[in-house]
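These notes are about the structure you will find just below.
The values are calculated or read from the model by the stated rules, or taken from the named source; none is laboratory data. Here the structure is a predicted model, which is why all the values come from computation and not from measurement. So basically every Cβ, Gly included, is an ideal-geometry build from the backbone, and we count neighbours across all protein chains shown.
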Amino acid sequence: MPVERAFLVGAPRKGSDDAVHVDEHLDELERLADTAGAQVIGKTIQRIDAPTPNFYLGQGKVESLKDELAAAGATLMLFDESLTPVQGVKLEKNLGVRVMDRTEVILDIFATRARSHEAKLQVELAQLEYLLPRLTRMWTHLSRIRGGIGLRGPGETQLETDRRVIRRKISMLKKRLKDVAEHRANLRQGRRQVPTAALVGYTNAGKSSLLKALSGADVFIEDRLFATLDTLAREVDVAEGYRFRVTDTVGFIRKLPHHLVASFRATIEEAQEADLILHVIDASEANWEEHAEVVEREVGSMQHKRVIYVFNKADLLPDPDAFLALVRERYPHAILTSATTHDAPRTTHGVEDLRRALRTSAQALRPIAEIRVPVSDGKLLATLHRDAEILHQEQTNGVVTLRARIEARLLGRLRQEGVEVVLG
Ligand SMILES: Nc1nc2c(ncn2[C@@H]2O[C@H](COP(=O)(O)OP(=O)(O)OP(=O)(O)O)[C@@H](O)[C@H]2O)c(=O)[nH]1
Ligand SMILES: [Mg+2]
């Protein structure tokens, strides 16, 4: 297949934050285009007062853009803002090339790179939901959509039929995904013995690299956006007999309706369920504050969670100590890591700091306690065997003494119920 020749267009509103960062946003779109397999042959920016309902851009700009695209030999126009179905159709008609907005590019990446069963279902669902209101425009390239909906000749009746087919397919996919999510929740249920941490962050921050550095496991890492499309958990030894179950998640990105793709919901779900959130931030990224805001906005209810801010890629900073001092004014417990050079002798900050912080959390979240239970209390004994990690057990005079690593919350509950508990 010939490589698409893509022309990028950014159209921020005058005076907006987006207008200030438009160059970085377009650079990011370029990386997205590259990941999707297109060749970027040019880009342009138009600061606008307000989007027009027909073309997003003003009519004059559409005309000059048409010439620019033709001169450059573009086969595709990538638009950095979200387009309505109407704007998409009209731009395509007037420009004579295929038009995709940022969301569509990202969906395309997800579609070609999804590996797991769940990720594939999610992408298919997102594509169909995105596609439904845009059916006429998508006509020509619908056949590309995996799963082959099998659309052929145009025509209103056919369109209606296809809409029905798509709606049916959407509800079927939703049902199947719900089953998968329930299955995942069940799996999590049975794993309360080990504390859990979720690695969340902007795409390409180094989440997977950190999981690899911590666990030694073979984790897929790539210098591309959205290398990770599935959550993945590994058990990490944080020393002194403590372990953590750390989950790698799908990264976030700006200007994406994250609700569209269930993979992001899985990230949010993991973050909400975890005992601890590790918010990974690329410290070498000039724009890291904006990135961190995108993540916090999406993950939302992180306020009442333990969060450790992990500033990664320390090796790329000119002065790591000064950087850490600066960010600690805002995030007092921030950690600076270098996931890829964690064993290099020149780094004073690193993955071991993170491991130590995890250990401290593990000790607080899963303290070791001695619990005395009458042999006759079979129900409590069963609960402890299910939800705690029993390290030692002995029985004298009708009393079972258990030494166990136990969830702090459960321990509190036992105390309230009058169970005899000694810490340490
Ligand atoms: N120099 C340097 N590069 C790093 C570091 N950590 C990760 N990288 C590189 O950054 C790129 C992205 O790393 P990943 O671990 O895939 O990032 P991620 O956050 O999992 O990204 P997504 O899965 O796409 O969201 C890779 O090329 C890594 O080798 C680091 O500490 N220093
Ligand atoms: Mg990753």
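At a glance:
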item: Helices (runs of 4 or more DSSP H) completely within segment 13-78 that count 1 or more residues being under 32 Å from the mean Cα position of the chain (by Cα) and not polar (S, T, N, Q); result: 17-20, 22-36
item: Qualifying residue in segment 311-318 (condition: in contact with a Pro (Cβ under 6 Å, 6 or more places away or on another chain), basic (Lys, Arg), closer than 22 Å to Ile277 by Cα and in a loop (DSSP other than H, G, I, E, B)); result: no
item: Inter-residue pairs, beta-carbon under 7 Å, first farther than 20 Å from Leu256 by Cβ and in a loop (DSSP other than H, G, I, E, B) and in segment 216-228, second among the basic types (Lys, Arg) and within 10 Å of ligand 2 (Cβ to nearest atom), 6+ apart; result: Val219/Lys212; Ile221/Lys212
item: Hits in segment 228-252 - residues which are near ligand 2 (Cβ under 10 Å from one of its atoms) and of a type in the set (D, E, K, R); result: Asp230, Asp248
item: Subset of segment 198-223 (residues that are within 8 Å of ligand 1 (Cβ to nearest atom) and of a type in the set (D, E, K, R)); result: Lys207, Lys212, Glu222, Asp223
item: Top-ranked residue of segment 206-227 - restricted to ones that are within 10 Å of ligand 2 (Cβ to nearest atom) and of a type in the set (Gly, Ala, Ser), ranked as surrounded by the most Cβ atoms within 10 Å (Cβ to Cβ); result: Gly206
item: Whichever residue in segment 1-12 is more than 17 Å from Ala72 (Cα to Cα) and not small (Gly, Ala, Ser) and, among such residues, is nearest to the chain's Cα centre (by Cα); result: Pro12
item: Residue selected from segment 285-319 under the condition in contact with a strand residue (DSSP E or B) (Cβ under 6 Å, 6 or more places away or on another chain) and farther than 17 Å from Ala197 by Cβ, by the criterion surrounded by the fewest Cβ atoms within 10 Å (Cβ to Cβ); result: Trp288
item: Residue match in segment 248-255 (condition: among the basic types (Lys, Arg), assigned by TED's automatic domain parsing to the domain that holds Arg355 and either more than 8 Å from ligand 1 (Cβ to nearest atom) or part of a loop (DSSP other than H, G, I, E, B) (or both)); result: yes
item: Members of segment 224-247 found to be more than 7 Å from ligand 1 (Cβ to nearest atom), in contact with a Phe, Trp or Tyr (Cβ under 7 Å, 6 or more places away or on another chain) and closer than 21 Å to Phe264 by Cβ, listed by number; result: Leu229
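Listed here are the residues, each with its yes/no results for (1) modelled with pLDDT under 90; (2) out of contact with any Asp or Glu (no Cβ under 8 Å at 6 or more places or on another chain).
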position	(1), (2)
Glu289	no, yes
His304	yes, yes
Asn312	no, no
Glu329	no, yes
His333	no, yes
Glu352	no, yes
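One line per residue, one yes/no per condition, for (1) at pLDDT below 90; (2) of a type in the set (Phe, Trp, Tyr); (3) over 20 Å from Ala274 (Cα atoms):
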residue: Arg359; (1), (2), (3): no, no, no
residue: Arg366; (1), (2), (3): yes, no, no
residue: Gly378; (1), (2), (3): no, no, yes
residue: Ala388; (1), (2), (3): yes, no, no
residue: Gly398; (1), (2), (3): no, no, yes
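To keep it simple, each residue is scored yes or no on (1) modelled with pLDDT of 70 or more; (2) of a type in the set (S, T, N, Q); (3) out of contact with any Gly (no Cβ under 9 Å at 6 or more places or on another chain).
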position	(1), (2), (3)
Glu124	yes, no, no
Leu131	yes, no, yes
Trp139	no, no, yes
Arg167	yes, no, yes
Lys175	yes, no, yes
Ala185	yes, no, yes
